[in-house]
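Engineer: Here it is: the structure, laid out below.
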Amino acid sequence: MFNKAVLESASVANSSCIYGPSKIGKNAIIDSFVVIGYPKRVKTKEFIHRNEAIIIENSFDEVSNGSIVGKNNHIRPFTIIYEDTKLESNIETGTHVVVRENCHIGSGSIVGSGTILDSGVIIGKDARIQSSNFIPPKIKLGNNVFLGPGVRFANDPYPVSTELTTTFVKDNVIIGIGAIVLAGITIGENAVIAAGSIVTKNVPKSNVMMGTPARRVMSRKEYDKRQKKYESSISD
């Protein structure tokens with residue numbers, strides 16, 4: 001289904017749906033059973049209240065604002081990208097990825113299988129988001145950020161409140177597997193959060209944090225030094 005979509009020499013599987021005036025960039029690969037430009041929840045609920053059967057593909061195509069998928073992207077099977085979202089160039093997704101409305105993903109980023117980006121999430125360039133991450137609204141990730149599998153972010157300090165808070169993860173941050181970042185936190189540039197840690201307060205740049213709650217254990221300079229020593233011992 002691509003009645004309104006603009007395809008610039010992209011390869012699109014027959015089983016995929018591209019709704020609204022979506023734009024698919026040159027050399028992009030849209031794999032099987034992918035949905036692009038899926039209408040946001042407020043729009044699909046309107047069809048429920050009509051009390052009449054609809055042809056879903058035609059109706060969704062009509063109301064969707066579409067999305068932008070840049071050149072050289074590879075969107076793998078069963079990924080859903082909602083409307084009003086932009087993926088820049090050279091991006092890869094795993095399978096079963098959900099990207100909600102009003103998200104922005106920078107060029108060269110990778111989003112792993114089973115990851116959910118909720119509405120309004122911003123991801124910088126060259127980020128690596130591993131599998132099974134949940135990133136809720138009002139989370140902003142910088143350039144070259146790495147998230148290990150299963151990282152969790154909070155965005156509400158007093159659930160369930162009507163006001164969500166923004167969390168910032170600055171450039172070149174590394175967050176290990178299973179870490180939890182509480183609402184309203186800023187993690188400074190080049191910081192490292194160890195696996196399984198719970199971040200309860202702001203993290204200064206170039207600090208390595210570990211534990212529950214996370215505490216400083218070393219500098220990023222020392223971390224990089226140990227990393228190089230480890231890699232050298234393996235290669236020997």
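Engineer: Starting from the Cα of ILE177, step 7 Å along the direction of its Cβ; do the same at SER232; then give the gap between the two resulting points in nm.
Structural biologist: According to this spin-label approximation, the distance is 2.7 nm.
Engineer: Could you estimate the translational diffusion coefficient of the stretch 115-167 from the Stokes-Einstein equation, with Rh from the Kirkwood formula over C-alpha pairs, at 20 °C and 1.002 mPa s, in whole µm²/s?
Structural biologist: D, rounded to a whole number, is 185 µm²/s.
Engineer: Extending each Cα 7 Å along its Cβ direction at SER161 and ALA53, get the distance between those two points in nm, one decimal.
Structural biologist: A separation of 4.8 nm, rounded to one decimal place.
Engineer: Sort HIS74, HIS49 by Cβ crowding within 10 Å, fewest neighbours at the top.
Structural biologist: The fewest-first ordering by Cβ neighbours comes to HIS49, HIS74.
Engineer: I would also like to ask the following. Considering the convex hull of the alpha carbon atoms of the stretch 156-236, report its projected area averaged over all viewing directions, in nm², one decimal.
Structural biologist: Averaging across all directions leaves 5.7 nm² for the Cα convex hull.
Engineer: Related question: Taking the chain as the region of interest, what is the percent of Cα-Cα pairs per 10 angstrom bin, listed from the shortest bin to the one with the maximum distance?
Structural biologist: In order of increasing distance, the bins hold 8, 30, 29, 20, 9, 2, 0 percent.
Engineer: Among the listed pairs LYS23/LYS125; LYS71/LYS205; LYS71/LYS228, which have their C-alpha atoms separated by more than 28 angstrom in this model?
Structural biologist: Exceeds cut-off: LYS71/LYS205; LYS71/LYS228.
Engineer: Would you mind pulling out the separation of the Cα centroids of the stretch 99-160 and the stretch 15-29, in Å?
Structural biologist: Here the answer is 22 Å between Cα centres.
Engineer: Report the gain in length on full extension from LYS225 to THR44: 0.36 nm times residue separation, minus Cα-Cα distance, nm rounded to one decimal.
Structural biologist: 59.9 nm
Engineer: Of ASN144, ASN27, ASN172, which is the most mobile in a GNM of the chain whose springs link Cα atoms less than 10 angstrom apart?
Structural biologist: Highest fluctuation among the options: ASN27.
Engineer: Still on this structure: Can you tell which of ASP118, ASP156, ASP61 shows the greatest fluctuation in a Gaussian network model of the chain with Cα springs below 10 Å?
Structural biologist: Result: ASP156 has the largest fluctuation of those listed.
Engineer: Per DSSP H run of at least 4 residues, take -39500 (n - 2.57); add these up for the chain, divide by its residues and hand me the 222 nm value, nearest 500 deg cm²/dmol.
Structural biologist: -4000 deg cm²/dmol
Engineer: For the chain, with a Gaussian network of springs between Cα atoms less than 10 Å apart, report the residue from TYR223, TYR158, TYR19 with the top mean-square fluctuation.
Structural biologist: TYR158
Engineer: Note down the magnitude of the dipole of the chain about its Cα centre, charges +1 on Lys and Arg C-beta and -1 on Asp and Glu C-beta and zero elsewhere, to the nearest 20 debye.
Structural biologist: 880 debye
Any read-out appearing in this document is the output of simple, stated calculations on the displayed coordinates, not a laboratory observation. These figures come from a predicted structure and were not determined experimentally. Please note: Cβ atoms are built from the backbone with ideal geometry, for glycine as well, and neighbour counts cover all protein chains shown.
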